[in-house]
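The values are calculated or read from the model by the stated rules, or taken from the named source; none is laboratory data. All figures in this text were calculated on a predicted structure; none of them were measured in a lab. Don't worry about glycine lacking a Cβ; one is built from the backbone with ideal geometry, like all the others, and counts go over all protein chains shown.
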Ligand SMILES: Nc1ncnc2c1ncn2[C@@H]1O[C@H](COP(=O)(O)OP(=O)(O)OP(=O)(O)O)[C@@H](O)[C@H]1O
Ligand SMILES: [Mg+2]
């Protein structure tokens with residue numbers, strides 16, 4: 001069977017007229033569902049050896065956050081390599097990437113599945129997948145008819161991608177045909193607040209302004225800093241990281257500005273500071289709120305005059321560095337309390353960005369959960385990692401005080417538990433695999449010795465995690481204050497927190 005000229009004309013016209021519409025891909029998918037009568041379909045973009053869903057129909061929503069790497073998804077790999085439409089046999093043994101992801105279908109054993117690769121010239125730009133529960137559902141469509149659909153959709157996708165790139169105005173910065181996103185971590189999310197944040201990142205990236213990135217712990221401030229650098233004209237120069245909270249005051253100046261041989265006892269050779277290393281690039285000052293007042297004065301000087309002095313050197317050195325700073329404290333309050341210099345605050349906050357807490361991002365929780373499930377699946381070499389309906393509603397209902405990091409750890413821990421409990425590599429996450437407190441592992445009962453076999457190290461780690469987490473909360477997420485309260489050196493606390501997975 002082929003399609004009527006009328007039906008094809010309707011698709012062509014709809015594709016053309018919807019091109020500037022933000023929901024254009026969802027509309028396209030709906031049109032195709034009506035035309036082809038499939039039970040599930042997805043339009044995906046191809047980039048950096050992975051398929052990225054743009055619009056889905058009949059699939060669970062977390063699919064929108066999943067990134068399907070060719071490696072580990074043989075059906076997608078087949079579609080990417082085929083150069084033409086692929087009809088998978090109804091009883092194909094290749095694992096289906098949507099297995100468990102079609103609501104109401106526990107597992108996809110025998111079903112119809114067709115993949116249409118989408119090309120711009122010779123370049124693979126995406127794919128359209130069609131799934132039907134009836135094994136012979138698509139038999140009546142001829143290859144020619146499906147190719148025609150693929151050609152129409154390819155044109156629309158290619159136009160949309162070009163427009164998106166033009167809107168980003170960095171068309172000249174991107175290498176033609178290159179994997180522009182390789183190694184760059186994506187900011188997952190389609191909620192209004194995250195879309196707004198992405199827009200602001202784009203705008204500020206192109207400028208030379210210093211940026212102050214605010215937001216609660218675990219919201220993605222570091223990710224935002226990386227995105228700004230990657231999208232900026234400085235992207236080919238280094239992004240240098242410095243955690244101000246993990247910086248003992250005694251070595252801070254030399255860390256920032258470097259020192260010359262003999263500047264102090266132990267300075268056995270010249271050493272470049274972070275500012276020098278970041279020359280022409282970006283310096284990311286994380287947890288800027290923890291920077292001691294004495295260093296704030298020195299930092300201000302660099303921001304004002306652009307020159308630095310190595311410890312023990314009279315000469316000054318000119319550097320061209322863009323500063324991105326992050327903090328989970330309210331710096332305005334810090335200024336009022338006399339803990340942060342007002343002049344430095346004003347220099348840094350020319351363009352303030354606030355990363356919204358996860359609880360204000362609606363369904364992004366589900367997208368992110370899907371993203372982390374797929375990440376765990378790939379890392380642990382599992383067949384599939386699926387969220388049960390119960391888990392999806394629990395994830396949405398929870399408040400996520402630790403934000404995206406807490407979600408990431410919760411999914412990771414959930415997968416490990418579910419895997420251990422079932423012994424299978426088809427993992428389904430259920431509510432019992434979560435504790436939703438972000439701290440204690442389920443086996444830990446404080447004050448009571450755990451029953452059965454005990455791994456002392458794990459129990460100790462869990463206990464330390466709990467104590468640190470509680471103290472942090474008490475100290476308003478101020479690491480320096482937490483270190484004091486726990487009688488620890490702040491740098492040691494950071495190392496410990498990192499090892500315990502409380503921070504990255
Ligand atoms: N939108 C997102 N999409 C994908 N991953 C994200 C997103 N936001 C955060 N993450 C991941 O969550 C984790 C925490 O993010 P990040 O370290 O940037 O948070 P942060 O705001 O710097 O936290 P803190 O204040 O504790 O330093 C990281 O692993 C990061 O990659
Ligand atoms: Mg951080």
Query raised in the report: For the range 212-226, what are the residues that are assigned to a helix (DSSP H, G or I) and within 6 Å of ligand 1 (Cβ to nearest atom)?
Result: 221, 222, 223
**Report entry** Identity of the residue in the range 324-333, more than 12 Å from ligand 2 (Cβ to nearest atom) and under 14 Å from residue 212 (Cα atoms), that ends up nearest to the chain's Cα centre (by Cα)
**Finding:** 329
Query raised in the report: Looking only at residues in the range 282-309 that are in a strand (DSSP E or B) and in contact with a helix residue (DSSP H, G or I) (Cβ under 7 Å, 6 or more places away or on another chain), which one is farthest from residue 228 (Cα to Cα)?
Result: 308
Requested in this report: Evaluate the range 400-409: report whether one residue or more is buried (at least 18 other Cβ atoms within 10 Å of the Cβ), over 19 Å from the mean Cα position of the chain (by Cα) and touching a residue at least 24 places away in the same chain (Cβ under 8 Å).
Outcome: no
Query raised in the report: Which of the residues spanning the range 165-189 are surrounded by fewer than 16 Cβ atoms within 10 Å (Cβ to Cβ) and at pLDDT 85 or above?
Result: 185, 186
Report summary line: Expected single match for touching a strand residue (DSSP E or B) at 6+ places or on another chain (Cβ under 8 Å) and closer than 20 Å to residue 186 by Cβ among 126, 83 is 126
Query raised in the report: If you go through the range 262-276 one residue at a time, do you hit one that is within 16 Å of ligand 2 (Cβ to nearest atom), assigned to a helix (DSSP H, G or I) and touching a helix residue (DSSP H, G or I) at 6+ places or on another chain (Cβ under 6 Å)?
Result: no
Query raised in the report: Applying the selection to the range 38-93, what residues are touching a helix residue (DSSP H, G or I) at 6+ places or on another chain (Cβ under 8 Å), buried (at least 21 other Cβ atoms within 10 Å of the Cβ) and assigned to a helix (DSSP H, G or I)?
Result: 62, 63, 64, 65
Query raised in the report: What about residue 417, is it crowded, with 18+ Cβ neighbours inside 10 Å, touching a helix residue (DSSP H, G or I) at 6+ places or on another chain (Cβ under 9 Å), in a loop (DSSP other than H, G, I, E, B) and modelled with pLDDT under 95?
Result: no
Report task. Working only within the range 225-246, note down all residues that are within 13 Å of residue 325 (Cβ to Cβ), within 13 Å of ligand 2 (Cβ to nearest atom), in contact (Cβ under 8 Å) with a residue 60 or more places away in the chain and in contact with a helix residue (DSSP H, G or I) (Cβ under 6 Å, 6 or more places away or on another chain). Result -> 245
Report task. Spot the failing condition for residue 404; the list is (1) in a helix (DSSP H, G or I); (2) on the phi > 0 side of the Ramachandran plot, and only one is missed. Result -> (2)
Report summary line: Residues of the range 256-269 being exposed (fewer than 15 other Cβ atoms within 10 Å of the Cβ) and at pLDDT 85 or above, in sequence order, are 261
Report task. Answer yes or no: is there a residue in the range 310-329 that is modelled with pLDDT under 95, within 16 Å of ligand 1 (Cβ to nearest atom) and part of a loop (DSSP other than H, G, I, E, B). Result -> yes
Query raised in the report: Mind checking whether some residue in the range 374-389 is within 16 Å of ligand 2 (Cβ to nearest atom) and either more than 19 Å from the chain's Cα centre (by Cα) or in a helix (DSSP H, G or I) (or both)?
Result: no
